[in-house]
Each structure stands twice: as C-alpha cells, then as structure tokens.
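Coordinate-derived values only; no laboratory data. What you are looking at is a predicted structure, and each value in this text was computed from that prediction instead of being measured. Neighbour counts are summed over all protein chains in view; Cβ atoms, including those assigned to glycine, are modelled from backbone coordinates with ideal geometry.
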DNA sequence: GTTGAGCGTT
C-alpha cells in the first residue's frame, strides 16, 4: 500500500490539513497530534451519523471504504472537571499601614483590585490602636496577583502586600534569592524592573544603609531557583544570585544587636542618625513606621528626620 | 563591605 494523504481538521468546521498515512495504510496518532496537540482520536460523518476511527497501538485504521471517502476531524479528551486547578487565594499581609487607617479604608483601597473576602487591621487588644498592619483575602487569584505585583499608597503611606510567613508552608524561602555584589546605585526599582522579565516579583528588599546585597522574591519558586548560581549584569553592575538562607541560620555576631530597630532604637542615641540616613529612591525603603509618624500613643521622644 | 523589619488573641 502506498502513502496517501488524509484530510484532517481540528473540528468539523475548520479547514483540513492533509496528513500522510504509513506504509501499512494506517494513520499514526502522533502524526495527528503533531498538527493538533492533545488530539486523542479521529471521527467522521457517515450518512447522518458520527463515527469514530479504530485506534490500536497509536495507529488509526481507515474506514472500510478507505480514507478518501471522508474527511475527518479530531477527538479530544473530555476536559477534566478541573483542567488546570487554579492557584487559590491566600491571606495576604498588608504592612506599613498608617496608624489612622482602619478596615474601611483598607477595603475601599483594595476593592479596586478585586472582590475581597476578608479585611483585618490588627490592633492592640488593650488600647485598640492599630499595629500598622493587617490582612486581606481576595476572591480571585488574579486580584491577588495584581495586588502582589506592586506597592500601595494608602492614606499617604507606601504599604507592602506579601504572602504571610508561616502560610504557604514557609515556601517563601524558595521564592527568594540573594543578590550579591550590588552597588549603591542599584535601586529596588531597578531590581524589580530587571527581574520582572523572569517572573512576577512580589518583593524587593534593599537594606539601608547600603550593604552591597539585596533580596528579590518571586511569585514562582521555580523562577527563583532557576536564577541561583547565575551572574547578571544590571545597569552595568555584575551581581551574583544565590539562594536566600534563612535569617537566623548564619553565624557571626557583629552588628546583630541592632536587629530590633523601631521604637527601641530611637532612644539608643548614637547610631540612630546613621540608621535613618536613607535617600529618597523611587522604591523607597520607607522610614521605620514609628520614626516617621510616631504612634499617637507614644509619649516618648523620637528621632526626627528631614 | 555577599543574608532581610514589622506577621494574625480565634
């Protein structure tokens, strides 16, 4: 038997593509799938009825009357009830809320990103004063993606939306990379813009004062992992990317005493001036909440900056 | 000058 060409289309209405048979007169399913990805068989119309082609060992057999008597189109697997289980929304933490901002304002702000299932502003149990952070949950994952993809100006302050620690099985470690050999002119915005080409960036951390490294967190852990070990040139600077090791798992003591900035540091005096010596970048590492806008309950002196 | 701020009374 010689090779002949069989007209096959994706659906009954579409334009056919002619596919070659094998020497034995069969048509390989792989030949069909090469043109129609995911096809699982072929069917045709015989009289008024639909008929399916016999398929054995990946070979489609012609109908008794031969290939030329019909034209054929593809059968596809019945789409499973949940073809691609969409990622589910998680609670999101909103950091850096102004003290005055309550649930209503948070809800009103984030409603622009999508329907909200939950809004919380965390408050001190005794005083009822805001702790400066809260939690939200969207109904749609797309809304969550939109909110994670940028920073947020709420009641006059830049706020960050992140996937909370502890949820997500602590997977944030796998979503984050350490960017070494940074120079001082590499801003958080530069990094976000550069790394966005590899996948959605959910967080950029650039220590202040300058420390020659940064952290970039991606939505997809595979993106983060794929970058590890590489050198990249950003704005002419060759940076090195490696895994972000958990905060505490690194030895050495040194300047570790100043971990708890914030209220306590204010009264520490000496080093404070340097600590608050940030520059106004586009992706500002905002001044510590308490120093920039003292909590109304704070009656202690705090360090002002200009 | 290569490892980070802050994380939920249920």
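Quick look at the numbers
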{"quantity": "Flag if residue A:65 is outside any strand (DSSP E or B) and surrounded by 12 or more Cβ atoms within 10 Å (Cβ to Cβ)", "calculated": "no"}
{"quantity": "Count - residues of the range A:96-106 that are within 15 Å of DNA strand B (Cβ to nearest atom), outside any loop (DSSP other than H, G, I, E, B) and surrounded by 16 or more Cβ atoms within 10 Å (Cβ to Cβ)", "calculated": "1"}
{"quantity": "Near pairs, Cβ below 8 angstrom, 6+ apart or cross-chain, from the range A:88-103 (touching a residue at least 12 places away in the same chain (Cβ under 8 Å)) to any residue that is near DNA strand B (Cβ under 10 Å from one of its atoms) and part of a loop (DSSP other than H, G, I, E, B)", "calculated": "A:90/A:163; A:90/A:164; A:91/A:164; A:92/A:163; A:92/A:164; A:93/A:163; A:93/A:164; A:96/A:286"}
{"quantity": "Those residues of the range A:3-50 which are touching a residue at least 12 places away in the same chain (Cβ under 8 Å), closer than 15 Å to residue A:65 by Cα and part of a loop (DSSP other than H, G, I, E, B), in sequence order", "calculated": "A:4, A:25, A:26"}
{"quantity": "Any hit, the range A:181-199, residues being at positive phi, in contact (Cβ under 8 Å) with a residue 60 or more places away in the chain and within 12 Å of DNA strand B (Cβ to nearest atom)", "calculated": "no"}
{"quantity": "Of the criteria (1) in contact with a helix residue (DSSP H, G or I) (Cβ under 8 Å, 6 or more places away or on another chain); (2) within 11 Å of DNA strand B (Cβ to nearest atom); (3) free of Cβ contacts under 8 Å to residues at least 40 places away in the same chain, which one residue A:117 fails", "calculated": "(1)"}
{"quantity": "Qualifying positions in the range A:25-42 - touching a strand residue (DSSP E or B) at 6+ places or on another chain (Cβ under 8 Å) and under 13 Å from residue A:62 (Cβ atoms)", "calculated": "A:26, A:27, A:28, A:42"}
{"quantity": "Residue A:150 vs. criteria assigned to a loop (DSSP other than H, G, I, E, B) and out of contact with any helix residue (DSSP H, G or I) (no Cβ under 7 Å at 6 or more places or on another chain)", "calculated": "yes"}
{"quantity": "Members of the range A:145-168 found to be within 13 Å of DNA strand B (Cβ to nearest atom) and under 16 Å from the mean Cα position of the chain (by Cα), listed by number", "calculated": "A:148, A:151, A:160, A:161, A:162, A:163, A:164, A:165, A:167, A:168"}
